[in-house]
Amino acid sequence: MFIIRFLDLKVPATNPMTLDEIIPYLPHFQAMLNTAAALLLGAGYYFIRNKKRGQHRLCMAIALVTSTVFMVSYLTYHARVGYLPFAGQGLIRPFYFTLLASHVILAAVIVPMVFSTVYFAITGNFSKHPRLARWTLPLWIYVSVTGVLIYILGFHIYTSEI
Ligand code: HEM
């Protein structure tokens, strides 16, 4: 309830809310998940650099759950809403679409990388895990951070009246 007031979204809600009533909140929810994932990945890296394996494992596991929930929310949102045109005009458009394209492509690329990285970790293959993880980690952080930037540009700076 607090979050709904904080976001000042004027959507009439039934109790319990239907999926159609929840849909307008999903982009905000997704931005929070992406922010949390980026912070958890950063913390997980900090912990492993400091030889804290338990905390590293916990942060990475929560980041994985967070990004999975994000993916489910994102697919639900776009299945219902489709594509909303970007309202920005001028030079911001090539910047926005380059950012969006890199975000979407890398989001697909990292899925098998994340699963392989986790697989190597849980099977105790700690020669392969760090080697792959050094690619997975920065790409995953890039996808999370660009997700938040795309949200800020599309939903807060360049808002359409649709
Ligand atoms: C997809 C999630 C994960 C990512 C992105 C990730 C990332 C990383 C990275 C980047 C390193 C190398 C750090 C360095 O440069 O020194 C590393 C090392 C390590 N990770 Fe993960 N990690 C993940 C999940 C896990 C899990 C689930 C575990 C535990 C089961 C784990 C256990 C370890 C251990 C023990 C090392 C140190 C290996 C060594 O001795 O060199 N990681 N991880």
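The values are calculated or read from the model by the stated rules, or taken from the named source; none is laboratory data. Predicted, not measured: the structure shown is a model, and the values here were computed from it. So basically every Cβ, Gly included, is an ideal-geometry build from the backbone, and we count neighbours across all protein chains shown.
Output yes when any residue across segment 97-112 is crowded, with 17+ Cβ neighbours inside 10 Å, more than 9 Å from the ligand (Cβ to nearest atom) and touching a residue at least 60 places away in the same chain (Cβ under 8 Å), and no when none is.
Checked against the condition, which is being crowded, with 17+ Cβ neighbours inside 10 Å, more than 9 Å from the ligand (Cβ to nearest atom) and touching a residue at least 60 places away in the same chain (Cβ under 8 Å), segment 97-112 yields no hits at all.
Do any helices (runs of 4 or more DSSP H) entirely within segment 1-71 hold 3 or more residues that are at pLDDT 95 or above and closer than 15 Å to I141 by Cβ, and if so, which?
Values: elements: 2-7, 19-22, 26-49.
Those helices (runs of 4 or more DSSP H) span 26-49.
Mind checking which pairs have a first residue in segment 50-65 that is over 15 Å from I122 (Cα atoms) and a second that is near the ligand (Cβ under 8 Å from one of its atoms) and part of a helix (DSSP H, G or I), Cβ under 7 Å, 6 or more apart or different chains?
A63/L41; A63/G44
So that you can scan it fast, the table gives a plain yes or no per residue for (1) touching a residue at least 12 places away in the same chain (Cβ under 8 Å); (2) closer than 19 Å to S67 by Cα; (3) not in a loop (DSSP other than H, G, I, E, B):
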residue	(1), (2), (3)
Y119	no, yes, yes
H129	yes, no, yes
L132	yes, yes, yes
P138	no, yes, yes
S144	yes, yes, yes
L149	yes, yes, yes
T159	yes, no, no
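From G154, G90, grab the single residue that is over 21 Å from A43 (Cβ atoms) and not in a helix (DSSP H, G or I).
Residue meeting the stated conditions: G90.
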